[in-house]
Ligand SMILES: *Cc1c(COP(=O)(O)O)cnc(C)c1O
């Protein structure tokens, strides 16, 4: 992908998000774009940063750390870890990311809390919820969400911000919206249960279901392909 293509695809992703917000009757700043840069080189991340993009999502710890070294001069860049998180990788994530979207069990949260360096602010956390049952093995079940939220809210080095989901692919808008609506309702329930918490984030919506997610209240949409182009499947 050339620089011109990236600037065009980023502009069109921004336009798509603002049109979706307008169509949903929501304010233009009600959702922001997380650029998912997994498998893409640091040079493309830098290019997107030069075009004004600040928040980037990564799925693979080692790959992300290498990019962060190359991009260390971009001091206002915000790194989100959005991939499956194994216990032996929590330290690197706690030390090198600003957000983690994929917390789905207490053990992982506990390690992130213990390993978050004192010199950094709290790690911003979204709990990943399994909204499509058998389709995905990761994510906490709706029934266990409140207990996990309560545990995370008790951890001083973590700040619970909201919920994240990766729904099973669905063909039409109505079937895309159903699981996202459940996620929105689950966040609403948590807000009522924990009114003192700053639960302001619904991380949902990808290249294929952005419009459905924005209609259901997404505040952070995670776009990879739509910004950086297709990923070669051989990379991981
Ligand atoms: C890869 C990925 C994305 C981006 O997906 P696209 O379909 O390329 O937009 C978003 N969220 C998560 C968790 C991902 O792993």
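The values are calculated or read from the model by the stated rules, or taken from the named source; none is laboratory data. The structure presented is a predicted model; accordingly, all values stated were derived computationally and were not measured. Heads up, the Cβs are rebuilt from the backbone with ideal geometry, glycines too, and the neighbour counts pull from every protein chain shown.
Values as computed for the structure displayed
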| item | result |
| --- | --- |
| Residue identified as more than 13 Å from the ligand (Cβ to nearest atom), free of Cβ contacts under 8 Å to residues at least 12 places away in the same chain, on the phi < 0 side of the Ramachandran plot and loosely packed, with under 14 Cβ neighbours inside 10 Å among 133, 200, 172 | 172 |
| Where a residue in segment 101-117 is under 21 Å from residue 201 (Cβ atoms) and free of Cβ contacts under 8 Å to residues at least 40 places away in the same chain and its partner, wherever it lies, is more than 16 Å from the ligand (Cβ to nearest atom) and assigned to a helix (DSSP H, G or I), with Cβ under 9 Å and at least six apart | 108/87; 108/90 |
| Positions within segment 137-152 being in a loop (DSSP other than H, G, I, E, B) and surrounded by 16 or more Cβ atoms within 10 Å (Cβ to Cβ), in sequence order | 139 |
| Selection count, segment 47-61, where residues are outside any loop (DSSP other than H, G, I, E, B) and touching a helix residue (DSSP H, G or I) at 6+ places or on another chain (Cβ under 8 Å) | 5 |
| Odd one out for residue 23, checked against (1) in contact with a helix residue (DSSP H, G or I) (Cβ under 7 Å, 6 or more places away or on another chain); (2) under 28 Å from residue 216 (Cβ atoms); (3) away from the ligand (no atom under 16 Å from the Cβ) | (1) |
| Subset of segment 203-218 [in contact with a strand residue (DSSP E or B) (Cβ under 6 Å, 6 or more places away or on another chain) and surrounded by fewer than 21 Cβ atoms within 10 Å (Cβ to Cβ)] | 206, 207, 217 |
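Residues checked against (1) closer than 29 Å to residue 140 by Cα; (2) away from the ligand (no atom under 12 Å from the Cβ); (3) at pLDDT below 95:
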{"position": "53", "(1), (2), (3)": "no, yes, no"}
{"position": "59", "(1), (2), (3)": "yes, no, no"}
{"position": "62", "(1), (2), (3)": "yes, yes, no"}
{"position": "66", "(1), (2), (3)": "no, yes, no"}
{"position": "69", "(1), (2), (3)": "no, yes, no"}
{"position": "78", "(1), (2), (3)": "yes, yes, no"}
{"position": "81", "(1), (2), (3)": "yes, no, no"}
